[in-house]
Amino acid sequence: MPIHARVPDDYSVLYIDSTTDVKHNKASIPGVFKSFVATKLPQQFVHDYQPPGNACWQTRQDRADGYPNLHIVVSTGSGTGQAQAVWEQMLRPMLQHVCSLETKDYALHFTTSEYTVTDLTRDTFLTQANRGVTQAIILLSGDGGMVDVVNALKSGQQSRSYVKPSVALLPLGTGNALANSAGIIGDNTMGLKTLLQGSQKELPLFCATFSPGARLLVNEGRDERPLHTVDGTPLAHGAVVCSWGLHASLVANSDSAEYRKFGAERFGMAAKDLLFPANGSSPHPYKGKVSVLRPSTNAKDDWQPINRGAHGYVLVTLVSQLEKGFTISPASRPLDGKLRLVHFGPVIGDEAMDIMKKAYDGGKHATDERVGYEEIEGVRIHFEEEEERWRKVCVDGKIVRVEKGGWVEVRAGVKGVLDLIVRQ
């Protein structure tokens, strides 16, 4: 960063020191922010690392209306609870270097419940976007925080003056699928380098519509809430994944404070319980009819069934990785907007584990003859399960319980409502 126009040869070099002893920090963040002054740096170095002039944190407008348009959202409950420490030891000191931020120049929000981000988006971000205000949101969260922002924006009316907010994601969730797939965390800066050097690109979305009795499960599955409806049809939007079967069940079963303290390992722990039931039986075969809408030039939808009555794994995704190294969709490219389906039938636990291990090996499961993998435009599932626990659908980490005899339909190509900050 240039220090001053009158001293053109001097720069502040900003970096994350991962060698600093942070073992005594309960949050165990990967490092701390540091800086030093350098003079007469090589021009190539300056070119490669100096932030662009249109960085998202520089898009603040006149505050004549009394509202800030740079927002920092700290999701205190995401992942293993690192967000506040990352704000205090990494993001806040960095912002003090890159822009002269007084308290009045930005709004800092700490989550106090699982509804904080939704309420904040509806009451502030959407209102300002509809006024034509250019907003930058720095989100210290996991995929769940992003899906809350997306759904709150999609649930409200958008004016002709609507301006998409720009969101910089500092990934502090458990799997961080979006950040891993978009290349936000290819280093140890927790997304700070992308925040400084990235540019805006629209975040692709899918829409999942449900039968009338579907409900969103909250409070670790103990309570339920109605979904947003359009013309009486419940729906939810996502940017990462929609699933039924093994993936949805393990996400639902591991959604507790007790499991979350183990970070990404919680998924493996829940998967083991599902694949190797304590009574020695085989994994549950998920009963239902699955149909696929493939890319076509036909004006009329041509839904084609997957010819089996029971399933083990049904997942559609817009991203390549569900967690670091777990390449569920090897053909996906960052923010390409293409919806891809991964599925296989009922298998014994060892077979399912073998397929999943291949996903950790660069996505080699995609060529396994037991696995179906293809680009699609949509998928439709009609549930034939008696028990509620086998009728749970995962939408970007949120769990939706579908009523007996209900259905879900997922389609890509949804109009975007925000831009994600990425390095291109």
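The values are calculated or read from the model by the stated rules, or taken from the named source; none is laboratory data. Given the structure is predicted, the values throughout are model-derived calculations rather than measurements. Note that we place each Cβ from the backbone using ideal geometry, even for glycine, and neighbour counts take in every protein chain shown.
Here are some residues: V347, V400. Which one is modelled with pLDDT of 95 or more, assigned to a loop (DSSP other than H, G, I, E, B), of a type outside the set (S, T, N, Q) and buried (at least 18 other Cβ atoms within 10 Å of the Cβ)? Show your work before the answer.
Working: V400 fails: assigned to a loop (DSSP other than H, G, I, E, B).
Answer to the selection: V347.
Answer with yes or no whether K193 is part of a loop (DSSP other than H, G, I, E, B) and either surrounded by fewer than 22 Cβ atoms within 10 Å (Cβ to Cβ) or at pLDDT 95 or above (or both). Before you say what the answer is, go through the steps one by one.
Details: part of a loop (DSSP other than H, G, I, E, B): no; either surrounded by fewer than 22 Cβ atoms within 10 Å (Cβ to Cβ) or at pLDDT 95 or above (or both): yes.
Judged against the criteria, K193 is not a match.
So is L335 assigned by TED's automatic domain parsing to the domain that holds K404 and assigned to a strand (DSSP E or B) or not? Let's see the steps before the verdict.
Values: assigned by TED's automatic domain parsing to the domain that holds K404: yes; assigned to a strand (DSSP E or B): no.
No, not satisfied.
Restricting attention to the range 372-384, does a residue exist that is crowded, with 20+ Cβ neighbours inside 10 Å, under 25 Å from the mean Cα position of the chain (by Cα), touching a residue at least 24 places away in the same chain (Cβ under 8 Å) and within 22 Å of S249 (Cβ to Cβ)? Spell out how you get there, then give the answer.
Pass one, the range 372-384, residues crowded, with 20+ Cβ neighbours inside 10 Å: 378-379, 381, 383.
Next, only the ones that are under 25 Å from the mean Cα position of the chain (by Cα) stay: 378-379, 381.
From what is left, the residues that are touching a residue at least 24 places away in the same chain (Cβ under 8 Å) are 378-379, 381.
Among the residues that remain, those that are also within 22 Å of S249 (Cβ to Cβ) are: 379, 381.
Yes; the residues of the range 372-384 include at least one that is crowded, with 20+ Cβ neighbours inside 10 Å, under 25 Å from the mean Cα position of the chain (by Cα), touching a residue at least 24 places away in the same chain (Cβ under 8 Å) and within 22 Å of S249 (Cβ to Cβ).
Quick one: which of G397, G309 is touching a residue at least 12 places away in the same chain (Cβ under 8 Å) and within 24 Å of the chain's Cα centre (by Cα)?
Matching residue, one of G397, G309: G397.
Mind checking which residues of the range 110-123 are out of contact with any helix residue (DSSP H, G or I) (no Cβ under 6 Å at 6 or more places or on another chain) and under 15 Å from L140 (Cβ atoms)? If you could, list the steps in order and put the result at the bottom.
Step one: of the range 110-123, the residues out of contact with any helix residue (DSSP H, G or I) (no Cβ under 6 Å at 6 or more places or on another chain) are 110-116, 119-120, 123.
Within the range 110-123, F110, T111, T112, T116, L120 qualify.
Would you say A214 is modelled with pLDDT of 95 or more and within 19 Å of the chain's Cα centre (by Cα)? Lay out the reasoning, then the answer.
Details: modelled with pLDDT of 95 or more: yes; within 19 Å of the chain's Cα centre (by Cα): no.
No; evaluated as a whole, the condition is false for this residue.
Against the condition of a type outside the set (S, T, Y), farther than 21 Å from L216 by Cβ and in contact (Cβ under 8 Å) with a residue 60 or more places away in the chain, how does I421 come out, does it pass?
Working: of a type outside the set (S, T, Y): yes; farther than 21 Å from L216 by Cβ: yes; in contact (Cβ under 8 Å) with a residue 60 or more places away in the chain: yes.
Yes: the conditions hold for I421.
Among E387, E369, E375, which is of a type in the set (D, E), in contact with a Lys or Arg (Cβ under 8 Å, 6 or more places away or on another chain) and in the same structural domain as L250 (by TED's automatic domain parsing)? Lay out the reasoning, then the answer.
Values: E387 fails: in contact with a Lys or Arg (Cβ under 8 Å, 6 or more places away or on another chain); E369 fails: in contact with a Lys or Arg (Cβ under 8 Å, 6 or more places away or on another chain).
Going through E387, E369, E375 in turn, just one is of a type in the set (D, E), in contact with a Lys or Arg (Cβ under 8 Å, 6 or more places away or on another chain) and in the same structural domain as L250 (by TED's automatic domain parsing): E375.
What is the one condition in (1) surrounded by 13 or more Cβ atoms within 10 Å (Cβ to Cβ); (2) over 16 Å from W244 (Cβ atoms); (3) at pLDDT 90 or above that M269 does not satisfy?
Checking M269 against (1) surrounded by 13 or more Cβ atoms within 10 Å (Cβ to Cβ); (2) over 16 Å from W244 (Cβ atoms); (3) at pLDDT 90 or above, the one that fails is (3).
From R333, R340, R266, which residue is free of Cβ contacts under 8 Å to residues at least 60 places away in the same chain and out of contact with any strand residue (DSSP E or B) (no Cβ under 8 Å at 6 or more places or on another chain)? Before the answer, list the steps.
Details: R340 fails: out of contact with any strand residue (DSSP E or B) (no Cβ under 8 Å at 6 or more places or on another chain); R266 fails: free of Cβ contacts under 8 Å to residues at least 60 places away in the same chain.
Selected residue: R333, the only one of R333, R340, R266 that is free of Cβ contacts under 8 Å to residues at least 60 places away in the same chain and out of contact with any strand residue (DSSP E or B) (no Cβ under 8 Å at 6 or more places or on another chain).
Would a scan of the range 165-179 turn up a residue that is buried (at least 23 other Cβ atoms within 10 Å of the Cβ), more than 20 Å from the chain's Cα centre (by Cα), touching a residue at least 24 places away in the same chain (Cβ under 8 Å) and over 30 Å from D48 (Cβ atoms)?
no
I'd like the full set of residues that are part of a loop (DSSP other than H, G, I, E, B) and either in the same structural domain as N180 (by TED's automatic domain parsing) or at pLDDT below 95 (or both), limited to the range 321-332. Don't jump to the end; show me each part of the working.
The initial filter retains those residues of the range 321-332 that are part of a loop (DSSP other than H, G, I, E, B), namely 324-325, 328-332.
Answer for the range 321-332, where residues must be part of a loop (DSSP other than H, G, I, E, B) and either in the same structural domain as N180 (by TED's automatic domain parsing) or at pLDDT below 95 (or both): K324, G325.
Looking at the range 9-49, which of the residues that are surrounded by fewer than 11 Cβ atoms within 10 Å (Cβ to Cβ), at pLDDT 65 or above and not hydrophobic (A, V, I, L, M, F, W, C) is nearest to L192 (Cα to Cα)?
D48
Looking only at residues that are aliphatic (A, V, I, L, M) and in contact with a helix residue (DSSP H, G or I) (Cβ under 8 Å, 6 or more places away or on another chain) in the range 321-347, which one is nearest to G309 (Cα to Cα)?
Taking the range 321-347 and keeping what is aliphatic (A, V, I, L, M), we get 322, 328, 331, 335, 339, 341-342, 347.
After this cut, where a residue has to be in contact with a helix residue (DSSP H, G or I) (Cβ under 8 Å, 6 or more places away or on another chain) as well, the list is 322, 328, 331, 335, 342, 347.
Values: L322: 27, I328: 24, A331: 28, L335: 33, V342: 17, V347: 13 Å.
That would be V347.
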